[in-house]
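The values are calculated or read from the model by the stated rules, or taken from the named source; none is laboratory data. Quantities reported herein were computed from a predicted structural model and do not represent experimental measurements. Cβ coordinates were reconstructed from backbone atoms using ideal geometry, including for glycine residues, and neighbour counts include every protein chain displayed. In case anyone asks, the SASA skips ligands and DNA or RNA and just uses the protein heavy atoms, side chains included. Shrake-Rupley method; radii C 1.70, N 1.55, O 1.52, S 1.80 Å.
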Amino acid sequence: SHSTFTPHHMFLTTITSSFEVNPFCSPAASFFGYMGCVIALTFANLGSAYGTAKSGVAVAHLGIVSPTKTMRALIPCVMAGILGIYGLIIASILANSVKVLDGYSMYTGHAHLAAGLCCGLSSLAGGLSIGVVGDAGLRAFAKEGKVFIPILLLLIFSEAFGLYGIIVSLVVAYSTGGIDCKPYVPPKGVYTAAPLIG
């Protein structure tokens with residue numbers, strides 16, 4: 001059978017020459033960059049959730065034993081919640097830094113992955129510490145008010161883990177030294193018209 005060749009039955013095909021991918025500018029670099037975002041936010045929220053939940057149980061116990069101390073007992077929950085903000089900040093910075101079309105190297109992708117790991121795991125460690133200290137400390141505070149200052153100092157040192165992580169994350173995320181990848185330029189091809197199959 002003879003098919004009619006009309007503009008409605010054709011599409012544009014681009015014939016491009018083969019090209020080699022620079023191993024330092026691999027398309028997979030963006031995967032590592034976005035994995036840094038995921039790790040920073042997810043692990044920071046895990047630490048924040050654990051610290052808040054663990055301390056929240058102690059707050060409920062303290063509210064029954066000594067209701068007048070309830071407001072001061074919320075400090076561990078607030079400090080645990082800040083850890084999640086650390087992850088949100090780093091994840092937002094990394095997400096806005098992944099720009100493949102402007103040239104995104106493997107060095108930068110790995111640096112962003114390392115930044116996410118620094119923030120996420122440090123915040124997770126801080127959240128675990130705040131949860132344990134908050135739970136035991138608030139139960140003791142319910143019966144003895146003099147332990148409040150020592151507990152507060154322990155919580156500050158626990159919060160410092162997340163702070164160390166976000167500082168190093170910012171340093172690593174903005175580190176330089178890798179190869180500069182050229183911005184992506186669409187290849188110039190030869191456009192030909194061909195009939196649609198079928």
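Could you grab me the full set of residues in the stretch 76-88 that are open to solvent by 70 Å² or more (accessible area, probe 1.4 Å) and over 12 Å from G162 (Cα atoms)? Across the stretch 76-88, the qualifying residues are V78, L88. Screening the stretch 62-75 for residues that are assigned to a helix (DSSP H, G or I) and open to solvent by 60 Å² or more (accessible area, probe 1.4 Å) and picking the one that is nearest to L121 (Cα to Cα) gives R72.
Quickly run through the stretch 100-113 and pick out the residues that are open to solvent by 40 Å² or more (accessible area, probe 1.4 Å), out of contact with any helix residue (DSSP H, G or I) (no Cβ under 6 Å at 6 or more places or on another chain) and under 15 Å from A28 (Cβ atoms). Within the stretch 100-113, Y107, T108 qualify.
Can S123 be described as within 23 Å of the chain's Cα centre (by Cα) and at pLDDT 95 or above?
Numbers: within 23 Å of the chain's Cα centre (by Cα): yes; at pLDDT 95 or above: yes.
Criteria met by S123.
Taking the numbered list (1) crowded, with 23+ Cβ neighbours inside 10 Å; (2) within 18 Å of A28 (Cβ to Cβ); (3) out of contact with any Cys (no Cβ under 8 Å at 6 or more places or on another chain) in turn, G116 passes all entries but (3). Within the option set L138, L128, L94, being in a helix (DSSP H, G or I) and surrounded by fewer than 19 Cβ atoms within 10 Å (Cβ to Cβ) holds for one residue only, L128. Here is the figure for the stretch 161-182: residues that are open to solvent by less than 30 Å² (accessible area, probe 1.4 Å) and outside any loop (DSSP other than H, G, I, E, B) total 5. Can you confirm whether S158 is modelled with pLDDT of 90 or more, open to solvent by less than 70 Å² (accessible area, probe 1.4 Å) and more than 26 Å from I64 (Cβ to Cβ)? So S158 does not fit the description; no.
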